[in-house]
Each structure stands twice: as structure tokens, then as C-alpha cells.
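Q: Attaching a single structure in C-alpha cells format; questions to follow.
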Amino acid sequence: MGLLTLGRPLNWEETKEYASLIREHGIEQFIHIHNKLKDRRNDCLKWGDEVEFLMVHFDHENKRVQLALRSHEILSTLMKPQDQNPADCVTLWHPEYADYMIEATPGKPYGHLPVHFNMVEANMRLRRQQGQQLLGKDEYVLSTSNFPRNGCPEFTWPTHKPTPSTSASASIFFPDEVIFPNHPRFKTLTRNIRLRRQSNVAIHLPIFIDKNTPRPFIEDLSIYDHDGNSHESTAIEDHIYLDAMGLGMGCCCLQVTFQAQSIDEARFLYDQLTPLTPIMLALGASSPIWRGYLADIDCRWNVLCAMVDDRTPEERGLEPLKNERFRLPKSRYSSIDCYISPDSAIYNDIEVVQDADAFHKLTEHGIDHILAQHIAHLFVRDSVALFEEQLHQDDTQDTDHFENINSTNWQSMRFKPPPSNSDIGWRVEFRPTELQMTDFENAALVTFIVLLTRAIMTYNLNLLIPISNVDENMQSAQHRDAVLHQRFHFRKCLSTMKTPDTPCMASVQQSAFQENECEHRLMTINEIINGSNEFVGLLKIIQDYLSNIEVDADTRCTINQYLNLISKRAAGTLMTNAAWMRYFVTNHPAYKHDSVVNDEITYDLLWKMKRISIDEEECPKVLPRMSSKTTLDISAAVEKENNELEVKRSLMNQHNHHE
């Protein structure tokens with residue numbers, strides 16, 4: 001969720017008074033970090049995943065499932081080991097936006113050894129088990145991006161009613177009691193985003209039109225009349241209405257963070273991973289049901305963008321600029337607007353709104369124009385959560401003002417400078433992927449993206465396409481069954497002048513490298529992942545990479561199963577979670593083909609997902625038969641790998657001595 005500062009939260013009127021101060025000192029803090037650490041080199045390659053779980057309560061007698069508001073009770077227990085002895089923790093826990101969410105990461109980042117890929121699923125499974133063992137009867141930990149009836153009447157356990165006239169979100173669907181209560185940041189963000197915007201956040205999602213869906217479909221919102229006000233004007237024909245930050249930030253996701261060897265490598269990774277963000281969004285689609293209705297979308301991304309959109313009417317272009325500084329084309333939750341490496345600048349083809357004073361100050365202190373543009377672009381935003389105790393900081397020691405802005409630009413990629421006085425290096429965060437119902441699937445998506453970064457860096461590949469095409473792809477990725485029916489802009493030739501001339505890379509270098517031969521074209525997900533007569537396919541590149549490194553048999557077995565899942569999902573022979581959920585609903589005996597996903601259907605859907613997630617039931621439409629070798633204990637494999645490396649060094653030294 002970002003920076004979790006303690007203290008007295010400021011209201012919006014107080015917060016906006018300090019907007020310029022936060023921006024000014026945030027820029028100073030970044031300049032200090034950059035100039036102090038820009039020459040830092042040779043950090044170890046490290047990476048780790050982040051999983052956000054839902055907690056639910058099943059009422060078997062009434063065939064109903066509700067979100068369990070338990071985070072405030074169990075997180076203190078989950079976090080106790082890391083508070084007492086963080087160096088020895090296998091897992092780390094963090095609060096998230098809603099009281100039904102718990103977020104967890106590995107206790108230590110994974111490293112460069114291939115055997116670390118064999119730990120990912122086992123660690124995810126352990127996290128699920130640790131959360132589960134603290135829950136009560138009929139309560140379960142689930143991993144899926146969106147609870148199908150979030151925002152429906154009595155969707156939580158215990159139940160609460162919205163109070164739109166007094167609540168932080170002013171929502172007719174989402175009560176304040178659902179927001180995590182043990183940290184003021186979450187409710188403060190909710191209220192301040194709405195007040196800055198000068199209206200409720202809002203989005204209208206296209207409903208899935210089935211044979212019995214009323215035409216036109218116009219929802220009766222009178223059942224949500226908690227304050228005596230009519231909300232009929234908010235209903236739009238053939239759309240589902242959402243109106244609360246919690247209906248977006250209450251979704252769960254799967255994220256991966258990489259530590260690079262240097263700032264230059266971090267910038268390179270940020271750029272090369274950007275074209276992959278919509279591809280992974282489509283492959284991981286898992287959000288087809290919103291507020292009890294089947295929607296004609298499969299992903300959460302645009303919902304998140306709308307639910308934290310704090311732009312004023314002037315910034316959205318609805319009114320002439322008078323009091324605001326800029327017209328802003330996107331929400332602060334969005335796909336990125338620019339690449340950040342000098343070599344990538346030619347692909348920055350959309351407007352990058354930026355704070356001119358910040359840009360001038362950054363370049364004046366030796367920061368190149370491309371990176372300065374990125375930071376100045378982030379700093380067109382105001383802070384939306386401030387704490388009184390953190391207003392005055394030492395810009396040479398603290399980074400909270402910079403992180404205040406950086407961590408509330410919720411973009412598809414995030415560039416993360418080293419924390420102050422830390423041994424952590426320059427990092428990038430890959431943020432778009434939806435959460436899957438099983439640890440196997442989540443581990444497969446993580447492993448695929450990490451292996452692809454290794455191959456990109458090893459072979460000096462280039463995946464860049466114009467940013468405008470990435471934006472277009474992000475919209476295509478959210479369409480219903482995008483994996484099967486959408487086409488995406490993708491680079492035709494990935495080789496560069498620095499790509500090694502080796503037999504295993506011959507298929508990547510389909511012709512001698514010429515820049516004009518390497519532009520993009522529209523491809524299906526199947527072509528991008530599995531290849532075609534005209535394109536090598538990302539899986540082929542990964543398999544070539546794996547063939548040229550030492551991988552133990554158990555790890556290779558596990559990796560191959562993950563890549564098999566990715567291949568079959570891209571080909572359409574296995575369903576995405578979203579497609580399977582839609583299939584389950586439309587074939588349920590209680591479904592009336594009217595787009596409504598009622599309590600009984602939701603109960604049966606989530607109970608089946610619960611059983612699948614803990615291997616009590618198979619799901620051949622989504623998952624292949626699994627027998628991965630994943631394990632938490634890799635000590636034997638690490639020792640074997642270290643011994644083999646030592647033998648190789650010894651042989652190399654002998655060879656050099658004889659020469």
C-alpha cells in the first residue's frame with residue numbers, strides 16, 4: 001500500500017496548505033538520494049513477490065459468503081515475529097486498505113540462483129496457511145482479485161450499513177467500517193481524495209448482456225437509500241455503478257519487485273518491463289464480477305484508476321483552468337506516461353505533464369532530462385495523506401516527502417530509489433498482475449516475469465514500443481476474453497546490436513539487426529507467448545536462457561510446469577480465472593441468465609475456489625495436473641550449486657595457470 005507513517009493525519013484543508021512544501025522537499029530528498037547513490041554498483045540481483053489475500057466467512061446454512069473483517073485482529077499476531085526478530089522471518093506481513101485483506105511477502109528476497117524459483121510456490125502456500133490458522137470456524141483465506149459481491153447489501157461479516165452523509169467515502173455501497181481501522185492512512189486517503197476531487201469517485205462498468213438481461217438495464221438504486229437522498233441519477237443504462245475507493249483499493253493483486261545492480265540497470269528494467277504490463281494483465285485476468293453483476297470486462301485496472309482519481313473538474317478538462325496548475329489526462333492510478341532511460345526516449349510519444357520548477361531543479365543538480373522528466377511528472381500531484389509529526393524533515397537523511405508522492409502515484413511500473421540509510425539498492429516494481437486462485441498459478445506468473453527479465457538482461461533484448469501503444473494495449477487487456485480475442489502491439493524483432501551471436505539466440509535474431517526492421521505489429525497473446533512463423537515467442541527465449549544456465553532437476557521440473565501453464569493459457573487451451581468464473585456462473589442452476597450473481601451463486605463459486613486452492617478439488621479447465629517440486633528448504637541444492645561453482649573456478653584457474 002505504500003508509505004505507512006504514524007501520527008496525527010491532517011484533514012484536506014490542512015493538507016493542501018502544505019502541498020508546495022511537500023513537493024519542494026520531496027524533490028530535495030530525491031536529489032540527495034540520487035547524487036549520493038547514483039554511482040552505487042554491483043548490488044546483488046534480488047527479487048520478491050507480494051500477495052494480497054481476502055478473508056471470507058461462509059454461512060453454510062443460508063448458502064452465503066461474506067468478507068470477514070478480521071485483519072485488525074490477526075495482523076498483530078502475524079506481524080509479531082517480524083517485530084521481534086525480522087532477520088529470521090520466512091514471511092513478512094503488512095496491513096492493506098480493507099479490514100478483510102492481509103498482505104504478505106517472503107521474509108527475505110530471492111536471489112540470482114535458479115533454485116530460488118523452487119521456493120516461490122512453497123512460500124506462498126506457507127503464507128496462506130499462516131493466515132488460515134488464525135481464522136475461526138467457517139472462515140477462509142482466498143486469493144482472488146475481487147470479491148464478487150463487494151458493495152452489495154450486507155457483504156461483510158459482521159455486517160455494517162453505509163452512512164454516505166458522514167462517511168469518509170460518502171459511498172452508498174461501502175461502509176467506513178470495512179476500511180482497515182488500525183492505521184489512519186487508509187481512511188485519510190479515502191476522504192482527502194474525495195474532497196480534493198470535489199465529488200465522489202465514480203465509474204460505470206459495462207454490464208455483460210445475457211439473454212434475459214433487462215434491456216435497457218438500469219439498476220434500481222433505491223435499496224441503497226441510506227440517507228433519504230435519491231441516487232437514481234447515478235444509474236446509467238447498461239452499466240454497473242461504483243462509487244468508493246474501497247471498491248478499487250479493496251481489490252487484491254500480485255506484484256513483483258526487483259533490485260537491480262545499479263540505477264542504470266533499474267531504469268533499463270523499468271522500461272523493458274513496461275510493454276509486458278498489459279500482456280500480464282490479460283494473462284492473469286480474474287475480475288469479471290462487480291457488485292453482484294457479471295460485467296463485460298475481465299480486469300480490475302480501470303476500476304482502480306477511477307476509484308482513486310482525485311483530479312478536480314479543471315484537471316479533468318471539465319472546466320477551464322483557473323485555480324489548478326495543470327490539465328491531467330490520467331488518474332494518479334494509471335499506466336506509466338514515459339520511459340526513463342535515455343535510449344528509450346524516442347518511444348515517449350504522448351504528453352508528459354510535468355512540474356517545470358521541479359524539472360529545472362532536478363536538471364540543475366545534474367539529473368539527466370529523461371529521469372528528471374519522470375520525477376517532475378510524478379510531482380504534478382498533491383499529497384493526499386499527511387501526518388503532522390512528519391512535516392519537518394532533514395532532507396539529507398529522510399525520504400518520507402519524496403515517498404509520499406512516489407507511493408501515491410499508483411502506476412503500472414514504479415521506480416524505487418534506495419531507502420535512506422539502508423543496504424537496499426535501486427529497485428523497480430511490476431504492478432499490474434491480477435491475483436489467481438491458487439498458489440501454483442501465482443507462482444507461475446511470478447516465475448515467468450522474473451525469468452523473462454533474466455533473459456532480457458542476459459541477451460540485451462529490446463521490447464520497447466511507443467508509450468501510446470502500451471496505453472492502447474492496457475485497454476485491450478481488460479476486454480472480456482482478451483487472451484482469445486484481442487490483438488496487442490508488440491515488437492517484431494527483439495534483438496539489438498548487443499544481442500550475443502550464439503546458436504541458441506538464432507531464432508531471436510531472425511535477421512541481421514536493423515532498427516527499421518524492429519518496429520511493432522499487432523499480435524495475439526498466443527503469438528507473443530508461444531511464437532509464430534514471424535515471431536520467436538517469449539517462451540522460446542526463456543527456454544533458450546534456461547538451457548544455458550545450470551538448473552537442478554527439481555527446479556527445472558517446477559519451472560517447466562509453470563511455463564506449461566503460461567503456454568496453455570496463452571493458447572486458450574486453459575481458461576483465465578475470469579473466463580472460468582464467468583463459465584461457472586452462466587452454468588450454475590440458480591443463474592437466470594440476467595447478469596445477476598446472487599448470494600447462492602457466489603457461495604458456490606467461492607467454496608469451489610477454496611477447495612481448488614488447497615488441492616481438495618481439481619479444475620482442469622484452468623489448471624494442468626500439478627506435481628511441482630516446490631520446497632521451502634533449498635539448502636542442499638544451494639550447497640550443491642556452490643560446490644559446482646567452486647569446481648568450475650578451480651578448473652578455470654588451472655587452465656589459466658597452464659596457459
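The values are calculated or read from the model by the stated rules, or taken from the named source; none is laboratory data. Keep in mind the model is a prediction, meaning the values are calculated, not measured. Cβ atoms come from the backbone with ideal geometry, glycine included; neighbour counts cover every protein chain shown.
Q: Looking at (1) more than 13 Å from GLU52 (Cβ to Cβ); (2) out of contact with any Asp or Glu (no Cβ under 6 Å at 6 or more places or on another chain); (3) not acidic (Asp, Glu), which is the one condition that is false for ARG125?
A: Only one criterion is unmet by ARG125, namely (2).
Q: If you don't mind, another one. Please specify each residue of the range 33-82 satisfying the condition of being at pLDDT 95 or above, surrounded by fewer than 15 Cβ atoms within 10 Å (Cβ to Cβ) and within 25 Å of PRO106 (Cα to Cα).
A: Across the range 33-82, the qualifying residues are HIS72, GLU73, SER76, THR77, LYS80.
Q: Please count how many residues of the range 320-340 are under 20 Å from TRP410 (Cα atoms) and assigned to a loop (DSSP other than H, G, I, E, B). Before the answer, list the steps.
A: We begin by selecting, within the range 320-340, every residue under 20 Å from TRP410 (Cα atoms); these are 326-340.
Restricting the remaining residues to those that are assigned to a loop (DSSP other than H, G, I, E, B) gives 326-332, 335-340.
Residues meeting the conditions: 13.
Q: Checking the condition assigned to a loop (DSSP other than H, G, I, E, B) and within 14 Å of the chain's Cα centre (by Cα), which residue from CYS251, CYS305 passes? Show your work before the answer.
A: Details: CYS305 fails: assigned to a loop (DSSP other than H, G, I, E, B).
None of the others qualify; the one that does is CYS251.
Q: Can you name the residue in the range 42-101 that is of a type in the set (Asp, Glu) and under 22 Å from SER287 (Cα atoms) and, of all such residues, is farthest from the chain's Cα centre (by Cα)?
A: As a first pass, look at the range 42-101 and keep what is of a type in the set (Asp, Glu): 43, 49-50, 52, 59, 61, 73, 83, 88, 96, 99.
Subsequent filtering for residues that are under 22 Å from SER287 (Cα atoms) retains 49-50, 52, 96, 99.
Values: ASP49: 10, GLU50: 9, GLU52: 10, GLU96: 14, ASP99: 19 Å.
Once the filter is applied, the top-ranked residue is ASP99.
Q: Something else: SER627 fails exactly one of the following numbered conditions: (1) closer than 25 Å to ALA477 by Cβ; (2) at pLDDT below 95; (3) in contact with a Cys (Cβ under 9 Å, 6 or more places away or on another chain). What is the number of that condition?
A: Status for SER627: all satisfied but (1).
Q: Something else now. In the set ASP349, ASP357, which member is without any contact (Cβ under 8 Å) to a residue 24 or more places away in the chain and either surrounded by fewer than 20 Cβ atoms within 10 Å (Cβ to Cβ) or among the aromatic types (Phe, Trp, Tyr) (or both)?
A: ASP357
Q: What is the residue count in the range 622-639 for residues that are surrounded by fewer than 12 Cβ atoms within 10 Å (Cβ to Cβ) and basic (Lys, Arg)?
A: Result for the range 622-639: 1.
Q: Now, a different point. Tell me the residue from THR156, THR188 that is of a type in the set (Val, Ile, Thr), touching a strand residue (DSSP E or B) at 6+ places or on another chain (Cβ under 6 Å) and more than 24 Å from ARG311 (Cβ to Cβ), please. Walk me through how you get there before you give the answer.
A: Working: THR188 fails: more than 24 Å from ARG311 (Cβ to Cβ).
Selected residue: THR156, the only one of THR156, THR188 that is of a type in the set (Val, Ile, Thr), touching a strand residue (DSSP E or B) at 6+ places or on another chain (Cβ under 6 Å) and more than 24 Å from ARG311 (Cβ to Cβ).
Q: What about ASN150, is it more than 17 Å from the chain's Cα centre (by Cα), of a type in the set (S, T, N, Q) and part of a loop (DSSP other than H, G, I, E, B)?
A: yes
The rows are residues; the columns are (1) among the β-branched types (Val, Ile, Thr); (2) in contact (Cβ under 8 Å) with a residue 60 or more places away in the chain.
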| site | (1), (2) |
| --- | --- |
| ARG191 | no, yes |
| HIS204 | no, no |
| THR213 | yes, yes |
| ILE240 | yes, no |
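Q: A further question on this structure: If a residue counts only when it is touching a strand residue (DSSP E or B) at 6+ places or on another chain (Cβ under 6 Å), which helices (runs of 4 or more DSSP H) contained entirely in the range 359-477 have at least 2 such residues?
A: On the way: elements: 369-378, 400-406, 439-459, 467-476.
Because the criterion is at least 2 residues that are touching a strand residue (DSSP E or B) at 6+ places or on another chain (Cβ under 6 Å), the helices (runs of 4 or more DSSP H) in the range 359-477 that meet it are 439-459, 467-476.
Q: Restricting the range 554-577 to residues that are more than 15 Å from MET626 (Cβ to Cβ) and among the aliphatic types (A, V, I, L, M), which is surrounded by the fewest Cβ atoms within 10 Å (Cβ to Cβ)?
A: Checked the range 554-577; the qualifying residue surrounded by the fewest Cβ atoms within 10 Å (Cβ to Cβ) is ALA571.
Q: Considering the range 167-225 alone, what residues qualify as being acidic (Asp, Glu), modelled with pLDDT of 95 or more and in a loop (DSSP other than H, G, I, E, B)? Talk me through it step by step, then tell me what you get.
A: Pass one, the range 167-225, residues acidic (Asp, Glu): 176-177, 210, 219-220, 225.
If we keep only those that are modelled with pLDDT of 95 or more too, we end up with 176-177, 210.
Within the range 167-225, ASP210 is the sole residue that qualifies.
Q: Shifting gears a bit: Could you check, for the range 266-288, whether at least one of its residues is more than 30 Å from ASN526 (Cα to Cα) and either touching a Leu at 6+ places or on another chain (Cβ under 7 Å) or among the small types (Gly, Ala, Ser) (or both)?
A: To start, the set of residues in the range 266-288 that are more than 30 Å from ASN526 (Cα to Cα) comprises none.
Scanning the range 266-288 turns up no residue that is more than 30 Å from ASN526 (Cα to Cα) and either touching a Leu at 6+ places or on another chain (Cβ under 7 Å) or among the small types (Gly, Ala, Ser) (or both).
Q: If we keep just the residues of the range 83-101 that are of a type in the set (Asp, Glu) and surrounded by fewer than 17 Cβ atoms within 10 Å (Cβ to Cβ), which is farthest from SER145 (Cα to Cα)? Please lay out each step first, then the result.
A: Step one: list which residues in the range 83-101 are of a type in the set (Asp, Glu), which gives 83, 88, 96, 99.
From what's left, surrounded by fewer than 17 Cβ atoms within 10 Å (Cβ to Cβ): 83, 88.
Details: ASP83: 28, ASP88: 30 Å.
Step by step, filter the range 83-101, then rank; the result is ASP88.
Q: Tell me, which residue of the range 1-32 that is surrounded by fewer than 18 Cβ atoms within 10 Å (Cβ to Cβ) and of a type in the set (Lys, Arg) is modelled with the lowest pLDDT?
A: Residue satisfying both the conditions and the ranking: ARG8.
Q: Yes or no: ASP264 of a type in the set (Asp, Glu) and under 22 Å from MET101 (Cβ atoms)? Spell out the reasoning first.
A: Details: of a type in the set (Asp, Glu): yes; under 22 Å from MET101 (Cβ atoms): no.
Answer is no for this residue.
Q: Same structure again: Filter the range 530-551 down to the residues that are over 22 Å from ASN442 (Cα atoms) and either of a type outside the set (Gly, Ala, Ser) or touching a residue at least 40 places away in the same chain (Cβ under 8 Å) (or both) and list them by number.
A: Kept after step one, since they are over 22 Å from ASN442 (Cα atoms), are these residues of the range 530-551: 531-536, 544, 547-550.
Residues satisfying the conditions are ASN533, GLU534, PHE535, VAL536, ASP544, SER547, ASN548, ILE549, GLU550.
Q: Among the residues of the range 137-182, how many are free of Cβ contacts under 8 Å to residues at least 24 places away in the same chain, farther than 19 Å from ILE223 by Cβ and not polar (S, T, N, Q)?
A: As a first pass, look at the range 137-182 and keep what is free of Cβ contacts under 8 Å to residues at least 24 places away in the same chain: 137, 160, 166-167, 175-176.
Restricting the remaining residues to those that are farther than 19 Å from ILE223 by Cβ gives 137, 166, 176.
If we keep only those that are not polar (S, T, N, Q) as well, we get 137, 176.
Summing the residues that are free of Cβ contacts under 8 Å to residues at least 24 places away in the same chain, farther than 19 Å from ILE223 by Cβ and not polar (S, T, N, Q) in the range 137-182 gives 2.
Q: What number goes with the only condition from (1) in a helix (DSSP H, G or I); (2) in contact with an Asp or Glu (Cβ under 6 Å, 6 or more places away or on another chain) that GLN261 does not pass?
A: (1)
Q: Right, ASP264: more than 26 Å from PHE147 (Cα to Cα) and surrounded by fewer than 24 Cβ atoms within 10 Å (Cβ to Cβ) or not? Please lay out each step first, then the result.
A: Working: more than 26 Å from PHE147 (Cα to Cα): yes; surrounded by fewer than 24 Cβ atoms within 10 Å (Cβ to Cβ): yes.
Answer is yes for this residue.
Q: Does the range 302-321 include one or more residues that are closer than 26 Å to ASP604 by Cβ, touching a residue at least 12 places away in the same chain (Cβ under 8 Å) and of a type outside the set (S, T, N, Q)?
A: Residues of the range 302-321 closer than 26 Å to ASP604 by Cβ: 303.
Subset that is touching a residue at least 12 places away in the same chain (Cβ under 8 Å): 303.
If we keep only those that are of a type outside the set (S, T, N, Q) too, we end up with 303.
Yes, the range 302-321 contains a residue that is closer than 26 Å to ASP604 by Cβ, touching a residue at least 12 places away in the same chain (Cβ under 8 Å) and of a type outside the set (S, T, N, Q).
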